[in-house]
Amino acid sequence: QVQVQESGGGFVQTGGSLTLSCVASGQIPSYESMGWWRRAPGKGNEVVGGMTSGDISVYGDAVKGRFTVSIDKSKNTLYLHMNNVKPEDTAVYYCLAIVLGTRYWGQGTQVTVSP
């Protein structure tokens, strides 16, 4: 069983920065990818960014150039570095880990960007 836990959410002003963390724990012999999704009020799920086991990073169009992902494989921890945030970045951010073909989601962490 794999557990995924996000942290680091909170309030941030427009133009500010915030870093989210995602720790995957449990039986993880290897992972295919880890990534971040978000859900804003009244909207569907949106991909934010992630990284494959081959260290290839991908990003959603809305965050390219502002957000970056990094990973500490020794700690099974994925980070989301959010820079120059905008009010439209307000959402619940979820972490996804794909381990041996199975998807594991965290509970989410709220990020609120004030104008």
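The values are calculated or read from the model by the stated rules, or taken from the named source; none is laboratory data. Remember, predicted model here, so these are calculated numbers, not experimental data. Positions of Cβ are backbone-derived with ideal geometry, glycine not excepted, and every protein chain shown enters the neighbour counts. Note: accessible area is taken over every heavy atom of the protein model, side chains too, but ligands, DNA and RNA are not part of it. Shrake-Rupley method; radii C 1.70, N 1.55, O 1.52, S 1.80 Å.
Structural remarks
- Criterion: at pLDDT 95 or above and either closer than 27 Å to Pro115 by Cβ or in contact with a His (Cβ under 8 Å, 6 or more places away or on another chain) (or both) - qualifying residue of Gly42, Gly15, Gly35: Gly15
- Whichever residue in the range 63-78 is within 14 Å of the chain's Cα centre (by Cα) and within 15 Å of Val4 (Cα to Cα) and, among such residues, is modelled with the lowest pLDDT: Asn76
- Any pair with Cβ under 8 angstrom, 6 or more apart, that starts in the range 100-111 at a residue that is more than 12 Å from Trp37 (Cα to Cα) and without any contact (Cβ under 8 Å) to a residue 24 or more places away in the chain and ends at one that is open to solvent by less than 60 Å² (accessible area, probe 1.4 Å) and outside any loop (DSSP other than H, G, I, E, B): Arg103/Leu96; Arg103/Ala97
- Any pair with Cβ under 8 angstrom, 6 or more apart, that starts in the range 10-32 at a residue that is more than 30 Å from Gly101 (Cβ to Cβ) and ends at one that is open to solvent by less than 50 Å² (accessible area, probe 1.4 Å) and of a type in the set (S, T, N, Q): Gly10/Thr112; Phe11/Thr112; Phe11/Ser114; Val12/Thr112; Val12/Ser114; Gln13/Ser114; Thr14/Ser114
- Selection status of Gly60, of a type outside the set (A, V, I, L, M) and within 14 Å of the chain's Cα centre (by Cα): yes
- Considering residues of the range 45-57 that are at pLDDT 95 or above and among the aliphatic types (A, V, I, L, M) only, the residue surrounded by the fewest Cβ atoms within 10 Å (Cβ to Cβ): Val47
- Selected residue (criterion: modelled with the lowest pLDDT) from residues of the range 18-32 that are open to solvent by 20 Å² or more (accessible area, probe 1.4 Å) and closer than 20 Å to Val111 by Cβ: Val23
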